Amino acid sequence: MRFTLGQETPPIAVLAEELYIYTVECKVYRLYSNGVKLSEQARQTQPKIGRLLFAARIRHQQIRLTVFTAQLLELKSEDMVLPPIDSAVILRINDRGLLVAGQEVVARRSSNKSKCDYYPQEWVCKPIYRE
């Protein structure tokens, strides 16, 4: 998307839709299980590998609010590897990876109308570099 002088600037929702969708292949370590902090040993033993998708879920133009979701998807499909994180924020980016935090959404049953439980969750996401 390019703009030149004299053009009206786009609404924030249009910019958010184009700018805030990221996907990268990662190894993800969960820091909590059902809201309970995992031990260092438990965190390191079960990393999950997949495509990290960080995207805007809600965009409200008038109050300039954007709510993000983070999902870890199978490498070759759209199936989720871990329950998604709603209201996701990236807390830190450094040479070891990303720290993503939010509310983990866990369905109680597999039907579409089932209720969900929400638990605090943080992921350490380490990008996988392939040559």
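The values are calculated or read from the model by the stated rules, or taken from the named source; none is laboratory data. Note that the structure is predicted; figures quoted are calculated from it, not measured. In this analysis, Cβ positions are derived from the backbone assuming ideal geometry, glycine residues included, and neighbour counts consider all displayed protein chains.
Values computed for the structure shown
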| item | result |
| --- | --- |
| Subset of the range 59-79 (residues that are modelled with pLDDT of 85 or more, surrounded by 11 or more Cβ atoms within 10 Å (Cβ to Cβ) and of a type in the set (S, T, N, Q)) | Thr69, Gln71 |
| Verdict on Ala101 being of a type in the set (Gly, Ala, Ser) and either touching a Phe, Trp or Tyr at 6+ places or on another chain (Cβ under 6 Å) or closer than 15 Å to Val24 by Cβ (or both) | no |
| Residue in the range 45-58 that is part of a strand (DSSP E or B), at pLDDT below 90, surrounded by 13 or more Cβ atoms within 10 Å (Cβ to Cβ) and in contact with a His (Cβ under 8 Å, 6 or more places away or on another chain) present | no |
| Strands (runs of 3 or more DSSP E) enclosed by the range 72-128 - at least 2 residues per element that are in contact with a strand residue (DSSP E or B) (Cβ under 7 Å, 6 or more places away or on another chain), of a type in the set (A, V, I, L, M, F, W, C) and closer than 18 Å to Leu38 by Cα | 97-107, 116-127 |
| In the range 31-44, the residues that are surrounded by 13 or more Cβ atoms within 10 Å (Cβ to Cβ) and part of a strand (DSSP E or B) | Tyr32, Ser33 |
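Listed here are the residues, each with its yes/no results for (1) in contact (Cβ under 8 Å) with a residue 12 or more places away in the chain; (2) of a type outside the set (A, V, I, L, M).
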position: Leu53; (1), (2): yes, no
position: Arg57; (1), (2): yes, yes
position: Gln62; (1), (2): no, yes
position: Thr66; (1), (2): yes, yes
position: Thr69; (1), (2): yes, yes
position: Asp79; (1), (2): no, yes
position: Gly97; (1), (2): yes, yes
